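For reference, the structure is listed below as structure tokens.
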Amino acid sequence: MNPLLQDWNTPFGLAPFDQISDDDFAPALEKALTAHNAEIAAITRNADAPTFANTIEALEAAGHLLDQVLGVFFTVAGANSNEVREELQREFSPKLSAHFSEISSNKALFARVDTLWQGRDALDLSDEQERVLMLTHRGFVRAGSALTGADEVRMKEIKARLAVLGTQFTQNLLADERSWFMKLDEADLEGLPEFVIDTARAAGKEKDAGGPVVTLSRSLITPFLQFSPRRDLRERAFKAWEARGANGGETDNRAIAAETLDLRKERAALLGYASFSDYKLETEMAKTPAAVRDLLMQVWEPAKAQANADAEVLTKMMHADGVNGELAPWDWRYYAEKRRAAEHDLDEAKLKPYFQLDRMIEASFACASRLFGLAFKPLDVPLYHEDCRAWEVTRDGKHVAVFIGDYFARGSKRSGAWCSAMRGQAKFPKVQGPVVINVCNFAKGDPALLSYDDARTLFHEFGHALHQMLSDVTYESISGTSVARDFVELPSQLYEHWLEVPEVLGEFAIHAKTGEPMPREMLDKVLGAATFDMGFATVEYVSSALVDLAFHEGEPPTDVMEMQQEVLDGLGMPAAITMRHASPHFAHVFAGDGYSSGYYSYMWSEVMDADAFEAFEEAGSAFDPERAKALEENILSTGGSRDAAELYIAFRGRLPGVEALLKGRGLVA
């Protein structure tokens, strides 16, 4: 009996990971696809006239078994991959693309949906049902359901090829990140804080390298670039980090990126759009490429001015060290850290013991408890890796969700941090609580210690988790984070602000060895340095967003690196700063469609999150109960049941301007 195909008689219906093997995935997928096809066929063959129940709700109820199989597979494929799972991903990608293309091009099915859409005024639907109908109809149209003949065939081919390319891009990047490491001898460790040395030794043990190493895990390479006085080693490590996906050979992503852009342009043209950006942004809050560019340029100019001023200071520091020439990208973090220590009297090595992973998890839970009344109880259940932990989430004694945390970096996990739902919240066709996962890449330790940026990442991903866990809608297709891409980052980025609340740090920033709370003087310095080096951070982000936009706005480039450089030159990119994500490792954009022409959305959401937190400040408390209730009722619980702008106005009374963002980033006086 294939456990992936059974009803799971487990606590909270969790996947029985201890019973599932890699051999189960392929046969389970085949049976799940067959079952889904049968459900779709039953809808289209229904002789009764289309109704919301027999068509839209039937679509909502279909595919449960497929969701169950894919929920498990993509969880382990992203967070605990191996050669078998990577091969299965390559096999599944075109198969799934073909499957969903068949559904979106099913003329009989689209006819039923279109009939309901055209006659929607006479259907007596609830507001939520109207929204689901609109989104379903729009999804079919944008998928190419109205195409016929050669155009229809070509659309299927494009989707299938894009699915293959996205999987290949991801696996190439993982291969480059997994294969590179730089050995360090004892002399190379001089000047490094103990926490960096410990992490390097642990990484060396994992790589069986016979000693400490630097890997391309962000949680190791970033502090190495911050603290290593060896400019030659910093340069070598940085260039390896920057070269991911562009090393030639089988794992080179440059041609994949170019082909992806070309196919996206063709896909948009088949649907009648001038560019892929026009197609992609139509359903977002921004609506148009011009609106995105306007926002990004409002932020770019003050950020660039700040970064250029900072570069002058760092260059003088470097020259004072006897290093002549221009400040390089592998110098910035090192001298910025020195400057931070001097100007804010902050020593990362002394700061880090106050940010224990377990205490920061407790802090994120405690804030959710104070804001929304949630409680978290550890669960002892089988999970897909020994590093994972699980909690039952309750409110007033009633089950709300299951939350899983997978926090540590390992070679089998792709880089970055993300939140996903193995099961979304819904009330139809039956009531189901969500199963939500946060995946991060923090360095292991005993205890595990985080940087301040790591702690922000933890709060960020938990903000996404809250969006999933507090969802309270009827249909899973609009639950949780099923919202506009430039709205989805609002809850996550907003939740980061609670890490900066003094009483939160005062309670949970506890020294790993002494058990003492962070001294008030240090706490004030941490908060005072919150906008330190923000010119650098903003420039590396906004430049990435503007390159992404340029890639998708006009004619696709034959050489992505050449076009990338043209965009950066046109912006006057500071020489010592690089894009946060150069094109060959820009997984947000090329590993799938998610953030394609949409990387700007973090900034769009930040405009809202800065303004939204001001609402709490205006109320006099970060834990103001009325503001917390309004946040849950109008944003966190509503999913995609209403237009994003409408939801924000319901919470705040208006849409925000860019002023709060610039102020929050310290880019205005």
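The values are calculated or read from the model by the stated rules, or taken from the named source; none is laboratory data. On a predicted model such as this, the values are computed, not experimentally measured, just so you know. All Cβ positions, even for glycine, are placed from backbone atoms using ideal geometry, and neighbour counts span all protein chains on display.
Name every residue in the stretch 493-502 that is more than 18 Å from residue 462 (Cα to Cα) and in contact (Cβ under 8 Å) with a residue 40 or more places away in the chain, in order of residue number.
none
How many residues does the stretch 629-649 contain that are in contact with a Lys or Arg (Cβ under 8 Å, 6 or more places away or on another chain) and not charged (D, E, K, R)?
2
Only one of 471, 420, 477 is touching a Ser or Thr at 6+ places or on another chain (Cβ under 8 Å), polar (S, T, N, Q) and either assigned to a strand (DSSP E or B) or modelled with pLDDT under 95 (or both); which?
That would be 420, the only listed residue that is touching a Ser or Thr at 6+ places or on another chain (Cβ under 8 Å), polar (S, T, N, Q) and either assigned to a strand (DSSP E or B) or modelled with pLDDT under 95 (or both).
Evaluate the following for residue 607: is it touching a Phe, Trp or Tyr at 6+ places or on another chain (Cβ under 7 Å) and either under 13 Å from residue 488 (Cβ atoms) or of a type in the set (A, V, I, L, M) (or both)? Give the steps one after another, and end with the answer.
On the way: touching a Phe, Trp or Tyr at 6+ places or on another chain (Cβ under 7 Å): no; either under 13 Å from residue 488 (Cβ atoms) or of a type in the set (A, V, I, L, M) (or both): yes.
Spelling it out, it is not the case that residue 607 is touching a Phe, Trp or Tyr at 6+ places or on another chain (Cβ under 7 Å) and either under 13 Å from residue 488 (Cβ atoms) or of a type in the set (A, V, I, L, M) (or both).
Looking at 405, 424, which one is crowded, with 22+ Cβ neighbours inside 10 Å and closer than 30 Å to residue 340 by Cβ?
Selected residue: 405, the only one of 405, 424 that is crowded, with 22+ Cβ neighbours inside 10 Å and closer than 30 Å to residue 340 by Cβ.
When you go through 200, 146, 150, 163 one by one, which is the residue that is buried (at least 19 other Cβ atoms within 10 Å of the Cβ) and under 30 Å from residue 111 (Cβ atoms)?
Result of the check over 200, 146, 150, 163: 163.
Give the residues of the stretch 188-199 that are in a loop (DSSP other than H, G, I, E, B) and under 25 Å from the mean Cα position of the chain (by Cα), sorted by residue number.
none
Here is a check on your reading of the model: is residue 202 in a helix (DSSP H, G or I) and under 20 Å from residue 352 (Cα atoms)?
Yes.
Surrounded by fewer than 24 Cβ atoms within 10 Å (Cβ to Cβ) and within 30 Å of residue 426 (Cβ to Cβ): does that describe residue 464?
No, not satisfied.
Out of the residues in the stretch 310-356 meeting the condition of being touching a Pro at 6+ places or on another chain (Cβ under 7 Å) and of a type in the set (A, V, I, L, M), tell me which one is nearest to residue 238 (Cα to Cα).
311
Which residue is nearest to residue 470 (Cα to Cα), if the candidates are limited to the stretch 620-631 and must be among the charged types (D, E, K, R) and surrounded by fewer than 19 Cβ atoms within 10 Å (Cβ to Cβ)? Working first, answer last.
Step one: filter the stretch 620-631 for residues among the charged types (D, E, K, R), giving 624, 626-627, 629.
When the remaining residues are screened for being surrounded by fewer than 19 Cβ atoms within 10 Å (Cβ to Cβ), the result is 624, 626, 629.
Working: 624: 18, 626: 17, 629: 12 Å.
Filtering the stretch 620-631 for residues that are among the charged types (D, E, K, R) and surrounded by fewer than 19 Cβ atoms within 10 Å (Cβ to Cβ), the one nearest to residue 470 (Cα to Cα) comes out as 629.
State the number of residues belonging to the stretch 299-343 that are without any contact (Cβ under 8 Å) to a residue 60 or more places away in the chain and either under 25 Å from residue 545 (Cα atoms) or of a type in the set (Asp, Glu) (or both).
Here the count works out to 3.
Would a scan of the stretch 379-402 turn up a residue that is β-branched (Val, Ile, Thr), closer than 30 Å to residue 52 by Cα and part of a loop (DSSP other than H, G, I, E, B)? Lay out the reasoning, then the answer.
Step one: filter the stretch 379-402 for residues β-branched (Val, Ile, Thr), giving 381, 393-394, 400, 402.
Applying the additional criterion that residues be closer than 30 Å to residue 52 by Cα yields 400.
Narrowing further to those that are part of a loop (DSSP other than H, G, I, E, B): none.
Looking for residues that are β-branched (Val, Ile, Thr), closer than 30 Å to residue 52 by Cα and part of a loop (DSSP other than H, G, I, E, B), one finds none in the stretch 379-402, hence no.
Within the stretch 215-280, considering only helices (runs of 4 or more DSSP H) that don't extend past its boundaries, which have at least 1 residues that are among the polar types (S, T, N, Q) and under 30 Å from residue 162 (Cβ atoms)?
Passing ranges, in order: 254-270.
For the structure I just gave you, tell me whether residue 576 is in contact (Cβ under 8 Å) with a residue 60 or more places away in the chain, more than 21 Å from residue 469 (Cα to Cα) and of a type in the set (Gly, Ala, Ser).
yes
Just to verify a result, which residue in the stretch 509-525, among those that are surrounded by 15 or more Cβ atoms within 10 Å (Cβ to Cβ) and among the small types (Gly, Ala, Ser), is nearest to residue 663 (Cα to Cα)?
509
Name the one entry in 267, 333, 293 that is more than 30 Å from residue 642 (Cα to Cα) and either touching a helix residue (DSSP H, G or I) at 6+ places or on another chain (Cβ under 8 Å) or modelled with pLDDT of 95 or more (or both).
None of the others qualify; the one that does is 333.
Can you pull out every residue in the stretch 13-32 that is without any contact (Cβ under 8 Å) to a residue 40 or more places away in the chain and small (Gly, Ala, Ser)?
Correct list: 21, 32.
Counting only residues that are at pLDDT 95 or above, under 30 Å from residue 352 (Cβ atoms) and of a type in the set (Val, Ile, Thr), which one in the stretch 526-580 is surrounded by the fewest Cβ atoms within 10 Å (Cβ to Cβ)?
578
Restricting the search to the stretch 409-430, which residues are over 14 Å from the mean Cα position of the chain (by Cα) and within 16 Å of residue 388 (Cα to Cα)? Before the answer, list the steps.
Step one: of the stretch 409-430, the residues over 14 Å from the mean Cα position of the chain (by Cα) are 409-413, 422-430.
If the condition is that a residue be over 14 Å from the mean Cα position of the chain (by Cα) and within 16 Å of residue 388 (Cα to Cα), then 409, 410, 411, 412, 413, 422 are the ones that fit.
Restricting to the stretch 542-573, what's the tally of residues that are among the charged types (D, E, K, R) and in contact (Cβ under 8 Å) with a residue 60 or more places away in the chain?
3
Has the stretch 608-618 got any residue that is within 28 Å of residue 275 (Cβ to Cβ) and touching a helix residue (DSSP H, G or I) at 6+ places or on another chain (Cβ under 6 Å)?
Step one: filter the stretch 608-618 for residues within 28 Å of residue 275 (Cβ to Cβ), giving 608.
After this cut, where a residue has to be touching a helix residue (DSSP H, G or I) at 6+ places or on another chain (Cβ under 6 Å) as well, the list is 608.
Checked the stretch 608-618: at least one residue is within 28 Å of residue 275 (Cβ to Cβ) and touching a helix residue (DSSP H, G or I) at 6+ places or on another chain (Cβ under 6 Å).
With respect to the numbered conditions (1) under 27 Å from the mean Cα position of the chain (by Cα); (2) free of Cβ contacts under 8 Å to residues at least 24 places away in the same chain, which one is the sole condition not fulfilled by residue 403?
(2)
Name the one entry in 347, 310, 387, 358 that is surrounded by 21 or more Cβ atoms within 10 Å (Cβ to Cβ) and closer than 29 Å to residue 192 by Cβ.
Answer to the selection: 310.
What number goes with the only condition from (1) touching a residue at least 40 places away in the same chain (Cβ under 8 Å); (2) outside any loop (DSSP other than H, G, I, E, B); (3) aliphatic (A, V, I, L, M); (4) in the same structural domain as residue 555 (by TED's automatic domain parsing) that residue 285 does not pass?
Only one criterion in (1) touching a residue at least 40 places away in the same chain (Cβ under 8 Å); (2) outside any loop (DSSP other than H, G, I, E, B); (3) aliphatic (A, V, I, L, M); (4) in the same structural domain as residue 555 (by TED's automatic domain parsing) is unmet by residue 285, namely (2).
Give the stretch 87-146 a look and list any residue that's of a type in the set (D, E, K, R) and under 30 Å from residue 24 (Cβ atoms), or say none.
The first filter runs over the stretch 87-146 and keeps only residues of a type in the set (D, E, K, R), leaving 87, 90-91, 95, 102, 107, 112, 114, 120-121, 124, 127-128, 130-131, 138, 142.
Across the stretch 87-146, the qualifying residues are 87, 90, 91, 95, 102.
When you look at residue 315, is it assigned to a helix (DSSP H, G or I), polar (S, T, N, Q) and surrounded by fewer than 21 Cβ atoms within 10 Å (Cβ to Cβ), yes or no?
For residue 315, the condition - assigned to a helix (DSSP H, G or I), polar (S, T, N, Q) and surrounded by fewer than 21 Cβ atoms within 10 Å (Cβ to Cβ) - is met.
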